[in-house]
Amino acid sequence: MKRLTIFALMLTFLLPLGALPSLAESTTQKIEELKQMVEQNRQQNEALMLKIQQMEAEKAATQVQVEELATKQEDTDLKVNGFLTFFDAIDIGFYVDTTYQYVFDRGATNSLQLRSLYPDNEQFAINAFTVSVSKTPTLEGGVMDLLGFRADILFGEQAPLLGSNGLSSDVVDPYQAYLQFLAPVGNGINVYAGKFVTLAGYEVIEAKDDPNITRSILFGFAIPFTHTGVRADYTAGPLTLTAGLNNGWDQVKDANGNVTIESQLAFSHSGGAISDLWVGVTGYFGREPGDIGFDETNGWRELITAVGTVTLNDWLTFIVDADFGWQQDIIFNELGDEEGVAWWGIAGYIVADVHPAITLSLRGEYFDDEDGFRTGLAQKMYEFTPTVSIKPFKGLIAGNRFIDNFEARAEFRWDHSDERFFETEDGGFEKDQYGVMGQLLYWIEL
């Protein structure tokens with residue numbers, strides 16, 4: 001019995017030893033399977049990394065394409081916006097000037113003396129319907145913002161009165177048409193090329209910018225209206241310097257093959273009780289055709305004008321305009337003798353804005369045409385004109401600019417000469433001329 005027990009125990013220990021070969025084979029197989037799994041995982045990881053790298057490369061390429069498209073779009077937007085900004089900066093304006101004038105003891109006529117832009121008597125006149133298109137250049141922005149232009153085209157009865165040599169019409173007159181370039185130097189140098197109004201004198205062509213209805217004797221007879229050429233101006237602090245070359249007085253087409261020089265030095269100031277101060281001295285120098293006498297001449301002409309304006313407390317303005325001109329080589333007789341001629345005058349203005357809708361203006365002037373070169377008769381003349389201007393709808397609707405700029409004016413004017421210069425209704429001539437005038441103005445800028 002004891003032997004059987006020992007034998008059983010021996011079998012118990014020996015049986016596992018017999019299974020060792022098969023266990024070893026199973027373990028080896030599992031190891032191989034694990035190795036294969038590891039290799040598969042490695043290959044899968046490598047494939048996954050390659051896929052990730054490929055996706056990242058594709059993403060980077062796509063990002064580059066997106067950035068290139070965005071850059072192109074930004075460039076396109078800048079070009080389009082610059083183009084649109086150029087046109088957004090364009091201003092358009094309209095202006096209408098209509099009058100009725102009555103000069104005593106003259107009768108219906110369209111040739112009143114000393115009425116440079118308003119020669120019609122005892123009749124209603126559509127003097128001007130003006131369309132203005134302009135763009136003011138600026139240093140802020142791109143190249144397109146440095147470019148500008150202006151055109152003022154007048155339709156009406158003033159067109160032939162403003163007409164220049166080489167460009168005249170009974171219906172239309174483009175009294176300004178120029179290109180403008182703002183050179184980015186310092187504060188900016190403005191350069192103009194084309195046709196523009198004169199720098200001389202105080203009064204201007206647009207009635208809305210003058211204190212009286214009728215123009216002064218100086219405006220009509222002492223200075224030119226327009227010039228065609230090139231002009232440049234530069235502002236440094238309170239000073240502005242302007243210089244240019246042009247064809248001469250009121251000449252689109254050069255009448256004599258000579259260039260006229262223009263120049264102006266102006267000073268401006270504001271502050272304290274002085275709301276606005278402007279003083280300017282202007283000069284024109286060159287050969288100009290002589291338009292009276294027995295033969296056409298081409299003498300040297302000079303014009304010096306000095307203008308000063310000062311506004312006090314935003315409502316009271318004083319203005320002085322002094323003009324001095326002379327020309328050489330004018331032929332007055334059949335013998336061909338050449339003489340020099342001269343003319344000069346001075347005008348003073350008081351303008352009071354007594355109410356936001358009411359302005360009172362007073363002008364007095366003296367003009368000495370000692371040789372008769374400008375008026376056709378050697379004479380000394382005086383003129384006195386009070387004017388009242390009313391804007392009946394001013395402030396009626398707050399902020400409504402479409403009705404604020406309607407203006408009605410009325411004035412009385414007295415002219416006097418030391419010679420019998422003013423024609424009367426019966427064909428005679430008197431030393432005095434009296435008249436009244438009414439005017440309706442309207443303008444708007446869009």
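Things worth noting here:
- Electrostatic tally near THR99: other residues with Cβ closer than 15 Å to its Cβ, Lys and Arg +1, Asp and Glu -1, net -3.
- Taking every DSSP helix (H) stretch of at least 4 residues in the chain, weighting each as -39,500 (n - 2.57) and dividing the sum by the residue count yields a mean residue ellipticity at 222 nm of -7500 deg cm²/dmol.
- Positive-end residue, the chain charge dipole about Cα centroid, Cβ charges, pick of ASN190, PHE384, PRO160: ASN190
- Note that the range 201-212 has calculated 3J(HN,Hα) couplings of x, 9, 6, 10, 5, 6, 4, 5, 9, 10, x, 10 Hz, one per residue in order, obtained from phi through the Karplus relation 6.51 cos²θ - 1.76 cosθ + 1.60 (θ = phi - 60°); glycine and proline are x.
- HN-Hα J in Hz across the range 410-419 - Karplus 6.51, -1.76, 1.60, θ = phi - 60°, x for Gly and Pro: 9, 8, 10, 9, 10, 10, 9, 10, 7, 10
- Relative contact order of the chain, pairs being alpha-carbon contacts under 8 Å that are 6 or more residues apart, as %: 11 percent
- In terms of the mean number of neighbouring beta-carbon atoms within 10 Å, the peptides 202-209, 143-150 order highest first as 202-209, 143-150.
- The modelled label-to-label distance between GLU419 and ILE397, using points 7 Å beyond Cα along the C-beta direction, is 5.5 nm.
- Helix 2-88 vs. the chain, principal-axis angle (Cα, 0 to 90°, nearest 10): 10 degrees
- Around GLU425: net Lys/Arg minus Asp/Glu count, Cβ-Cβ under 13 Å: -4
- Packing-based ranking, highest mean first, of 39-50, 156-167 given that Cβ atoms within 10 Å are counted: 156-167, 39-50
- Long-range Cα-Cα pairs in the chain (distance over 34 Å), rounded percent: 50 percent
- Accessible area of LYS394 (1.4 Å probe, protein heavy atoms only, ligands and nucleic acids ignored): about 90 Å².
- The residues of the chain expose on average 54 square angstrom of accessible surface per residue, using a 1.4 Å probe on protein heavy atoms.
The values are calculated or read from the model by the stated rules, or taken from the named source; none is laboratory data. Everything numeric here is computed off the predicted structure, so don't read it as measured data. Cβ sites come from the backbone with ideal geometry, for glycine too, and all protein chains shown count toward neighbours. Surface areas here come from the heavy atoms of the whole protein model, side chains and all, with no ligands, DNA or RNA. Shrake-Rupley method; radii C 1.70, N 1.55, O 1.52, S 1.80 Å.
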